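Since the structure comes first, as structure tokens, the remarks are kept for the end.
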Amino acid sequence: MKMSDIAKQYRMVIDVERCIGCHACEVACKQEFEAPLGFFRTMTLYMDTGNYPKVKREFLPIMCRQCEDAACLHACTQKAIVDRNGIVMVDSERCNGCGECIKACSIGAIYVNPISRIAEKCNLCAHRLEIGMKPACEETCVSDAIQIIEEKELKRFANAKGFKNAATDKPRTLHINANGIMAQKLRKGHPFSPMNYEIFTWAVRS
Amino acid sequence: MMNRREFVKTTAVSMAALKIGGMISLSSDTYASAAVRERISLADTIESIEQIPTVCLNCSTVCGMIALVKEGLVLGVTGNPLDPNTNGKLCAKAHGGVSAINYPERLLYPLKRVGKRGDGLWQRITMDEAHQMVADRIKQTIESGYPERVVFHAGRNRIDDITNRFMDAIGSPVVLNHRALCSSNKRAANYISIGDTDWETVDAEYCSYFLNFGANFLEAHQGGFPMARRFVKAKANGAKMVTFDTRLSNTAGKSDEWLAPFPSSEGAIALAMAHTIMDKGVYDEAFIREWCNVSVEELKLFLAPYTPKFAAEASGLDANDIERIALEFASHAPACAAFTNRGSQAHQNGLNNDRAVIMLNAIVGSIGRKGGYAFGGSKSLGNASFPMVQPIPPKVKFSTDLEDPKEYPLANKWQKMKVSELVFEKIKNKTQPVEVYMSYTISAPQTWPEGPTVAVSALKDESVIPFHVCSDVVYSEMAHYADLILPDATYFERHTIEGRNANELIPYFVLRQPVVALTHDCLNFGDSLIRIGQKIGGKVSQYFAFDSYEVFIKGRLSSLPEREGLSGWEYMKKYGVWVDDKAKNYEPYRKKLSLQELENSFVENEIIYLLKNGKKEAIGRMVNGTALRGFKTPSRKFEIYSGDVQDAARKIGLEDDGFPHFVMPKSLKEIASDELVLTTFKWNVHTQARTAPQKYLSEIVHDNPVWINTQTARKYGIKNGDMVEITTYRPQSGFKASDKKMVVGRMSVHAFVTQGIHPRVIAISNSLGMNFGGRIPRAKNGKKQNIPAFSTEDHDDFKRYVWWDKRLGGAGNGVNPNSIIPINPSPLVGMQAWNDTVCSIRKIKA
């Protein structure tokens, strides 16, 4: 069965309140795809807010938001990015690694694999969905913070919103209670930076 | 559906050669093909993946998992949904651990030292030669009449069924461990109070108020992962958590309230909370009357001096907060739990800190209750459930100063926790001569206080350790100082009967089994011991009359009943998890003793005894005319007062009235206004010493700057990233005590200036700053080191993409704070006081 044969429209919903910042989702993701060091389909960002002794730590699991009318899809010079079943995915046979998609993404959720020279990003583990499995991140999430649902179930998540870094973004992946200030850690046109893991980036820039 | 299959086809060399299905033995050639592993991923093969249940061991929480295997390669792991603790969930470490199997710097052949010890010059030998060498050395030592000169030292040893058998068989009692570096005060506090378990099990799913004293269970605490899952559920249902920790851990950061007390004042806070609860009359009078070994009046008298004001002075916190939180906690009883970990127990006064916290549960009556401080539902993995294979060697009847130092009378009272932070000092002083030192899953130079100095100097010195054989998976900090290295199996390649405290309070166990065949000359250390035992011959070999550790484990499981028409062994191989058919073990102390249990018993002062080998052994107590199990303490009650502690203290000349009083350690009480306290902690993606070589984990955390509070940093003119020199001092009481500010060491490290730490505290994590173990833990791109036990294969990630390599502008691999953390065993138990180190700091030029 091919993904396109399924009528389902998938959506990812991430409840940031539940996330404990354990990084299992992103390590499971890298293992799933044998991703090279320094490149990430998904990351969990940390942010400390407040002043001693009233300090909190917040987390944000962030990955491709499967945008509607996705900027990366339009930017692709090879028509290698397609939108099916609610998933924006890269056709590895068409991709030539030009990197135009990277420039288009407002959060940097896509990179070109330095070994294969093919663009890679979160595809909600379409290979798993098509055989009835959960994506690697959702499957391992100890706090059930990540869920894949069908579009028709969205009404259960009235408080979920798209995480935007540009006014024109149309994310279909939704976050519950994400802190918009986290956008400071993301740069349009640059893949997720490994430097986000460095502890010096935890505090809010003021 | 687009995937990378086409790409795989064009680049992978002769994948067909690998496709011989199931478990294959990787010869050098097929192992070489594993280099193309970066081209095969789970994503490409998920439809046809083979799923084999086994158990993680990347930390000691031992979560049930399913290995996802293709063509003899583990491509990933997923949680085993049948594991009642984890319900099919895994942490980052479990996923990251996969890379250990084909790590290019994994040890594949036995090595014999050829240069000076510690020079790193090696010759490859055969496993049979290596086993013979060890057997000859041990045989000689036995024949010399001093079998105790054979020392076994393990860290995360999960095969003590065979290692203890081996040591008993050769007649040496010197089995060393790392418990006093981990949890011995916490365990001792539980033994004293509830007498039952080595680890409490908060019934977290149903708990509505978490009162957390220094546990970082959302990141690091052993068994924390199953508790984290239940905590998130409870929180979604409205539960509250208050965390006392000097540092903003993820647990503190996710708490409803974080309060940072002065280090070691946790006991004062807990006692003041108890004081408040008693004072305001919100205690559980019936529980205290029926189950505690002191009366309400005695308790009030003991608590009288420990007012919120007293605790406020000791901790620096607000007395009103202490009072308010105490009353909130009590108002949630019995579905509330006060619990501890290294933040409270790793102090010189840690034993009483933990006893005071545990006592809070008794006062409000949450002990053993739904949503409360539960315990005792776990399966014992010992002889009772899984009988050892006959014949069983007799237990060694004597002890030595190495594993049983008499100056710490509670170290080995309940279980053999030992005081292992002292052993290298003792070995250096030849307190107990050593001939053969066997190390296994331990990295003392990395993880021991003063490890880089004291442990290394003992390990290097052939006059105090004439022969060191090390079993390890990577060329580790420990292996570097060995004379002989045995390449161990990873936890994906061996068997173990496993289990932890049962978070569902129903006994369960899990089976680790090999999911791929062993590669090259690697061998499970358990199998090495069997072969060495056979080679020693004489009386020793009779205890190793089986072919392998697998046969041994199979024998131990032979008493399991059939399930689903399968033998116990087959059932475990198929499902990996066994859950007993029992109810949740709430209030185990209220269990009635059966007539069978009461046979030949007698009652004195309401305590029920049996005579065992002429000794009285308490088995329960009479409550209103019924024989109940009670707590496994001497009084069969929850012990607030402890005669055991009083007696132990008397033995070493200490005054102690048996109550969990609060006394601030001398060093911290007399700390100068310009001095700080150095503490240490663990990350969610690392264990102490065994995860740094795993690329996807070290990619997330590879650097450990020193945490300094923003206000403190301002005083010293320190900004983020500035270099700071830390000077640490010997404690003013206990081991090597000195009032003269005796320097332990100095270390330069860059600063992380943060709001998330107490202004008098600085913190440097453990787990990093390694000297060995390959390019990942050393943060060095390029060619791998030339050790004749490595494969010839390599991988781009290690050659080119270690992005945190300093030479690429990265942060590097961090520091090991143990070079400046003094050996500091707490009194009575000997738990290392990790969080008591007084230090001074100054800004230095980069």
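So what is the 222 nm mean residue ellipticity for chain B from helices alone, if each DSSP H run of at least 4 adds -39500 (n - 2.57) and you divide by all residues, rounding to the nearest 500 deg cm²/dmol?
-7000 deg cm²/dmol
What are the ³J(HN,Hα) couplings of region B:625-636, residue after residue, when phi is run through the Karplus curve with 6.51, -1.76, 1.60 and θ = phi - 60°? Round to Hz, x for glycine and proline.
x, 10, 7, 10, 5, x, 8, 7, 9, x, 8, 6
If amide hydrogens are placed 1.01 Å from N in the peptide plane, which non-local residues have theirs closer than 5 Å to the one on residue B:791?
Sorted by chain and number, the residues that satisfy this are B:106.
Using the Cα centre of the protein assembly as shown as the reference point, and only Cβ charges (+1 on K/R, -1 on D/E), how large is the resulting charge dipole? Debye, rounded to the nearest 20.
With Lys and Arg at +1 and Asp and Glu at -1, about 1600 debye.
Rg and Dmax in Å for region A:3-198, alpha carbons only: what are they?
Spelled out, the Cα radius of gyration and Dmax of region A:3-198 are 16.0, 55 Å.
Counting DSSP beta bridges with both partners in the protein assembly as shown, what percentage is antiparallel, nearest 5?
Among the beta bridges of the protein assembly as shown, antiparallel pairing accounts for roughly 65 percent.
Skipping prolines and chain starts, which residues have an amide H placed within reach, meaning under 5 Å, of the one on residue B:627, given they are 5 or more residues away or on another chain?
B:593
Restricting to DSSP H runs of at least four residues, report the calculated mean residue ellipticity at 222 nm for chain A, -39500 (n - 2.57) per run over all residues, nearest 500 deg cm²/dmol. Show your work: numbers first, answer last.
Values: 5 runs with 29 residues, N = 206.
The helix-only estimate for chain A comes to -3000 deg cm²/dmol at 222 nm.
For chain B, what percent of Cα pairs sit more than 55 Å apart? Show your work: numbers first, answer last.
On the way: 29882 of 357435 pairs.
Above the 55 Å cut-off, chain B has 8 percent of its Cα pairs.
When the Cα atoms of region B:588-651 are enclosed in a convex hull and the volume is divided per residue, what value in Å³ results?
Considering the Cα atoms of region B:588-651, their hull volume per residue is 103 Å³.
Are there trypsin sites (Lys or Arg not before Pro) in region B:393-496 that DSSP marks as loop and that have at most 16 other Cβ atoms within 10 Å, and which are they?
Loop-located and lightly packed - B:395, B:397, B:406, B:416, B:430.
So how far, in whole Å, is the C-alpha centre of region B:371-445 from the one of region A:60-98?
57 Å
Determine the relative contact order of region B:666-844: mean sequence separation of Cα pairs under 8 Å and six or more apart, normalised by residue count, in whole percent.
Once normalised by length, the contact order is 35 percent.
Tell me, what is the percent relative contact order of region A:3-198, built from C-alpha pairs under 8 Å that lie six or more residues apart?
32 percent
Are there any trypsin sites (Lys or Arg not before Pro) in region B:782-846 that are in a DSSP loop and have at most 15 other Cβ atoms within 10 Å? List them by number. Please list the in-between numbers first.
On the way: sites: B:783, B:784, B:799, B:800, B:806, B:807, B:842, B:843, B:845; in loops: B:783, B:784, B:845.
Passing both the DSSP loop test and the Cβ count: B:783, B:845.
How large, in Å, is region B:666-844 by the Kirkwood hydrodynamic radius built from its alpha-carbon pairs?
17.6 Å
Please compute, for peptide B:801-810, the average count of beta-carbon atoms on other protein chains lying within 10 Å of each residue's beta-carbon.
Across the residues of B:801-810, the mean count of other-chain Cβ atoms within 10 Å is 3.
Have a look at the DSSP beta bridges in region B:200-374 and tell me what percent are antiparallel, nearest 5.
Here the share of antiparallel DSSP bridges comes out near 10 percent.
Could you state the orientation-averaged shadow area of the convex hull built on the Cα atoms of region B:52-196, in nm² to one decimal?
Mean projected area of the Cα convex hull: 13.2 nm².
Project the alpha carbons of region B:661-747 onto their principal axes and report the range along each, largest first, in whole Å.
Principal axes ranked by extent give 45, 33, 28 Å for the Cα atoms.
Assuming a viscosity of 0.890 mPa s and a temperature of 25 °C, what translational diffusion coefficient in µm² per second does Stokes-Einstein assign to the protein assembly as shown, Rh being the Kirkwood radius over Cα pairs?
Answer, rounded: 82 µm²/s.
Any idea what the relative contact order of chain B is, in percent, if you count C-alpha pairs under 8 Å spaced at least 6 apart?
Computed value for chain B: 18 percent relative contact order.
For region B:552-628, which GluC sites (Glu not before Pro) pass both filters: DSSP loop (anything but H, G, I, E, B) and at most 14 other C-beta atoms within 10 Å?
The qualifying sites are B:562, B:564, B:599, B:606.
Check the cysteines of chain A one by one and keep only those with no other cysteine Cβ under 4.7 Å from their own.
For chain A, the answer is A:19, A:22, A:29, A:67, A:76, A:95, A:98, A:105, A:125, A:141, because their Cβ atoms have no other cysteine Cβ under 4.7 Å.
Once you've got the Cα coordinates, tell me which of B:186/B:233; B:418/B:669; B:370/B:584; A:8/A:152; A:30/A:103; B:615/B:637 are over 18 Å apart.
Beyond 18 Å between Cα atoms: B:186/B:233; B:418/B:669; A:30/A:103; B:615/B:637.
Of chain A, which part is the longest with no GluC sites (Glu not before Pro) in a loop (DSSP not H, G, I, E, B) and with at most 15 other C-beta atoms within 10 angstrom?
Counting at most 15 other Cβ atoms within 10 Å as exposed, the longest clean stretch of chain A is A:94-206.
Read-outs: derived from the displayed coordinates by stated rules, not from any lab. Just so it is clear, the model here is predicted, and its values are computed rather than measured. Heads up, the Cβs are rebuilt from the backbone with ideal geometry, glycines too, and the neighbour counts pull from every protein chain shown.
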